[in-house]
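Enquirer: Take this structure, written in structure tokens, and hold onto it; I'll ask about it next.
The values are calculated or read from the model by the stated rules, or taken from the named source; none is laboratory data. Note that the structure is predicted; figures quoted are calculated from it, not measured. FYI the Cβ positions are ideal-geometry reconstructions off the backbone, even for glycines, and counts take in every protein chain you see.
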């Protein structure tokens, strides 16, 4: 399953204008084709997620003990809490349900109904 509009960290790019207009490639576009070099990526979560072939960190069995993702979620700021909530939602409800809800958002995160 490849859901390019979901960031490895749980951000939802499907509502992002830059992503829709293909100005931003998001986390995953171009790595499978060789257009982008994963060895040059700065985001540690993305490198790990892409190399392991995961759609997002929600697929990782080691997420609870992963230092990379948990250091990201421990940063100050509302968005980090919301990205963590997205990954937890995906783990419990799956990608299809997440996309159904996320498509109603106007930002990279939102409320769950």
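Enquirer: Would you please name the residue that is surrounded by the most Cβ atoms within 10 Å (Cβ to Cβ), looking only at residues in the stretch 1-27 that are within 16 Å of residue 98 (Cβ to Cβ) and without any contact (Cβ under 8 Å) to a residue 40 or more places away in the chain?
Expert: Applying the filter and picking the extreme gives 27.
Enquirer: Among what's in the stretch 41-56 and is part of a helix (DSSP H, G or I) and without any contact (Cβ under 8 Å) to a residue 12 or more places away in the chain, pick the residue that is surrounded by the fewest Cβ atoms within 10 Å (Cβ to Cβ).
Expert: It comes out as 52.
Enquirer: So which residues in the stretch 57-66 are more than 14 Å from residue 43 (Cβ to Cβ) and assigned to a helix (DSSP H, G or I), if there are any at all?
Expert: Once the filter is applied, which keeps residues that are more than 14 Å from residue 43 (Cβ to Cβ) and assigned to a helix (DSSP H, G or I), the stretch 57-66 yields 58, 59, 63, 64, 65.
Enquirer: Now, a different point. Looking at the stretch 71-87, which of its residues are part of a helix (DSSP H, G or I) and out of contact with any helix residue (DSSP H, G or I) (no Cβ under 8 Å at 6 or more places or on another chain)?
Expert: 71, 78, 79, 82, 85
Enquirer: With the requirement that a residue be in contact with a helix residue (DSSP H, G or I) (Cβ under 6 Å, 6 or more places away or on another chain) and touching a residue at least 40 places away in the same chain (Cβ under 8 Å), what does the stretch 88-101 give you?
Expert: 90, 98
Enquirer: So residue 81 clears everything in (1) under 24 Å from residue 25 (Cβ atoms); (2) without any contact (Cβ under 8 Å) to a residue 60 or more places away in the chain except one condition, right? Which one?
Expert: Every condition holds for residue 81 apart from (1).
Each row is one residue, and each column tells you yes or no for (1) surrounded by fewer than 15 Cβ atoms within 10 Å (Cβ to Cβ); (2) at positive phi; (3) more than 13 Å from the chain's Cα centre (by Cα); (4) at pLDDT 95 or above.
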| residue | (1), (2), (3), (4) |
| --- | --- |
| 58 | no, no, no, yes |
| 61 | yes, no, yes, yes |
| 64 | yes, no, yes, no |
| 84 | no, no, no, yes |
| 89 | no, no, no, yes |
| 92 | yes, no, yes, yes |
| 95 | no, no, no, yes |
| 103 | yes, no, yes, no |
| 106 | yes, no, yes, no |
